[in-house]
1. When you go through (1) within 14 Å of chain B (Cβ to nearest Cβ); (2) at positive phi one by one for A:Arg109, which number turns out not to apply?
2. Of the residues in the stretch A:123-171, how many are in a helix (DSSP H, G or I) and within 14 Å of chain B (Cβ to nearest Cβ)?
3. So which residues in the stretch A:276-308 are in contact with a helix residue (DSSP H, G or I) (Cβ under 9 Å, 6 or more places away or on another chain), facing chain B (nearest Cβ under 8 Å) and not hydrophobic (A, V, I, L, M, F, W, C)?
4. Which of (1) surrounded by 22 or more Cβ atoms within 10 Å (Cβ to Cβ); (2) under 19 Å from B:Gly247 (Cα atoms); (3) in contact with a strand residue (DSSP E or B) (Cβ under 7 Å, 6 or more places away or on another chain) does A:Leu317 not meet, given it meets every other one?
5. What's the total number of residues in the stretch A:51-68 that are of a type outside the set (Gly, Ala, Ser), within 22 Å of the chain's Cα centre (by Cα) and either assigned to a strand (DSSP E or B) or surrounded by fewer than 20 Cβ atoms within 10 Å (Cβ to Cβ) (or both)?
6. Working only within the stretch A:343-365, note down all residues that are among the charged types (D, E, K, R) and crowded, with 24+ Cβ neighbours inside 10 Å.
7. I'd like the residue in the stretch A:69-98 that is part of a strand (DSSP E or B) and in contact with a strand residue (DSSP E or B) (Cβ under 8 Å, 6 or more places away or on another chain) and, out of all such residues, is surrounded by the most Cβ atoms within 10 Å (Cβ to Cβ).
8. How many of the residues in the stretch B:1-21 are within 20 Å of the chain's Cα centre (by Cα) and within 13 Å of another protein chain (Cβ to nearest Cβ)?
Amino acid sequence: MHTDTDVNTPAPAASEEKVMGKDGMAALVGALTGRGYTVVGPTVRDGAIVLAELESADQLPYGWGVELQAGQYRLRRRPDGAAFANAAGPQSWKTFLHPSRVRQWSADRVGEETVFTADPSPPPRYAFLGVRSCDLRAVAIQDRVLTGGPHRDPVYQGRRSGAFLVAVECTEPGGTCFCVSMGTGPAAGPGYDLVLTEVVDDDGHRFWIRSGSREGAEVLAELPAHPADSATREAARAGVTAAAERMGRTMPEADLRELMAGTLDAPRWDDVAGRCLTCGNCTMVCPTCFCTTTEDVTDLTGDHAERWRLWDSCFDLDFSHLHGGPVRASTRSRYRQWMTHKLGTWYDQFGSSGCVGCGRCIVWCPVAIDITEEAAALHDWTRSRPPEDAS
Amino acid sequence: MSTVTPPLPYRVAATEPETADTRSVELVPAGRELPPFSPGQFAMVYAFGVGEVPVSVSALRGRHGGLVHTVRAVGATSTALYRLREGDTVGLRGPYGTGWDLDAVAGHDVLVIAGGIGLAPLRPVVHTVLDRPAAYGRLGVLVGARTPDDLIHRKEIDDWRGPAAVGVTVDRPGPGWHGAVGVVTALLDRIDLRPDRTCALVCGPEVMIRHTARALTGRGVPAHRVQVSLERNMRCATGHCGHCQLGPLLLCRDGPVIGYDRAEPLLTVREL
């Protein structure tokens, strides 16, 4: 169990490294289940690779890849039978760590008294199998947002502190990926209990696996694995290095925080507002978007009330509602809020970028708006501005 | 660090009408008590089954020793709170936010400037200064409202005349109004302002805050010695819901009170 939620603390050095085959993957699911974890990982469903509870490693997307473009997601068959050679799917791990709908507390009128009760449900104990490098960073970012400030969110804290993370290094980036620009991949950063790198070559289908925590090492010791050989290690490293060269997208070479702060009046925001539908898809699929709203309900007696928390989106007109109307009424202001927060003001609020370069917002935008293209357009605008406007 | 918990039950000890749509409510703990509040901080006040809204404390200690909140009925929840009666129970969380920086104000002339219900979060500042006059320079209180009937804490404002230089103005006078008419910034010309010794604390509608802060800096009060209390939508008050963002700020955490030197560039961007 990796309980350290400080993103600045590197994981302990890989104390153990092994190589295992597909049988090792089956054993891994069994070992985690045996330890009481609910194993969640990628599987094919409804024409996509989704995250779901796994009963066996056979449910992993062996032999499936994805084709990703702006506004487009397609599954395709892979002849090599690889399980993890597919970029980010529509969901991220926030679905499990920061659920879309949570009962926070209830209130009951008992005679003259009102009694408030925190939701008593014990947090589930998840083992996440296949946390891609970009998503591993996203978890670290949500750690900071939801448990790193003066107040801790108990729902996230409970789920996160009990979670076991099996990371996967990326060897097959999608057409919308830009983790290299954001410094989050394709190699895995700290924060995992175990990390896998998948290799499929003439020597067979295998996984180079290392531990990043004591419990990770314990689990690793239970698996049918043999000592790491240099050929597998080299092939794995080469696969990750090659992935870094095949990013489908890049961010402009600029300080994105400064770029966002300096372009609040750019005409490009009107341009993107002409395309954006304010549907909020980008915020739902983003692995770091954390905003929520609340809903208060009562039962028919009127003596039992509940407080629910639901995912919200800064694209919703109600999001900025004050008496007198919304602060951000125009589409321009709402898209600008999302993008400048993600790439700029997130640093001020939480000490890092809010973007991990996973590309989900590009894939799942129904009108194919591309955050890297918008950033590039803003960058071009700052460079083309006449000097007298440059201040 | 603290973990977010459910509200604590508080009982309404007294209510006091302020205007046709505004009422002050004094709350005492029905059991466990929240940690002490500072002037400018706020609580999340929950009306059973209706909702929860952020409300600044308008007095740290009422007649019954409880926390006083002044509520204007504008939405479903604030209307439910406005309708509270003695003996009713609400839920309370807090204290939240960064209040007025009174340490920075000590030794200076204190100029409190309020628009409408913006006087509520400033009232504990006036109480604090009046309780310890030696710690501060001169006290000025300037209040603006739409009409005489929209003035809150009206009797108390009269009590402040004497220990403080008090100015009151309204946009639209009614019969029997003999005071000033016009925007609150016009009152700045009627007081003996010492810009080099003054700390100003401002709360009201955002447009009023902008004009007032500009008028103060225009008269030579440095922007960092003008504190303003801002408002945005707020769902959690604990920095997790994202609603109260104002550019780089989370107003529930970094505010609601911030220095005008930080606020100015943010308030001049439309729809930020």
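The values are calculated or read from the model by the stated rules, or taken from the named source; none is laboratory data. Computed from a predicted model, the values in this text were never measured in an experiment. Note: ideal-geometry Cβ built from the backbone for every residue, glycine included; neighbour counts use all protein chains shown.
1. Condition not satisfied by A:Arg109: (2).
2. Pass one, the stretch A:123-171, residues in a helix (DSSP H, G or I): A:133-147, A:154-161.
Of the ones still in play, those that are also within 14 Å of chain B (Cβ to nearest Cβ) are A:141-147, A:154-161.
Number of matching residues: 15.
3. A:Thr293, A:Asp296
4. If we test A:Leu317 against (1) surrounded by 22 or more Cβ atoms within 10 Å (Cβ to Cβ); (2) under 19 Å from B:Gly247 (Cα atoms); (3) in contact with a strand residue (DSSP E or B) (Cβ under 7 Å, 6 or more places away or on another chain), just (1) comes out false.
5. Just the residues of the stretch A:51-68 that are of a type outside the set (Gly, Ala, Ser), to begin with: A:51, A:53-55, A:58-62, A:64, A:66-68.
Among the residues that remain, those that are also within 22 Å of the chain's Cα centre (by Cα) are: A:51, A:53-54, A:59-62, A:64, A:66-68.
When the remaining residues are screened for being either assigned to a strand (DSSP E or B) or surrounded by fewer than 20 Cβ atoms within 10 Å (Cβ to Cβ) (or both), the result is A:51, A:53, A:59, A:62, A:64, A:66-68.
Final tally of qualifying residues: 8.
6. Listed by number, the list holds a single entry, A:Arg360.
7. The extreme case among them is A:Tyr73.
8. The qualifying residues number 1.
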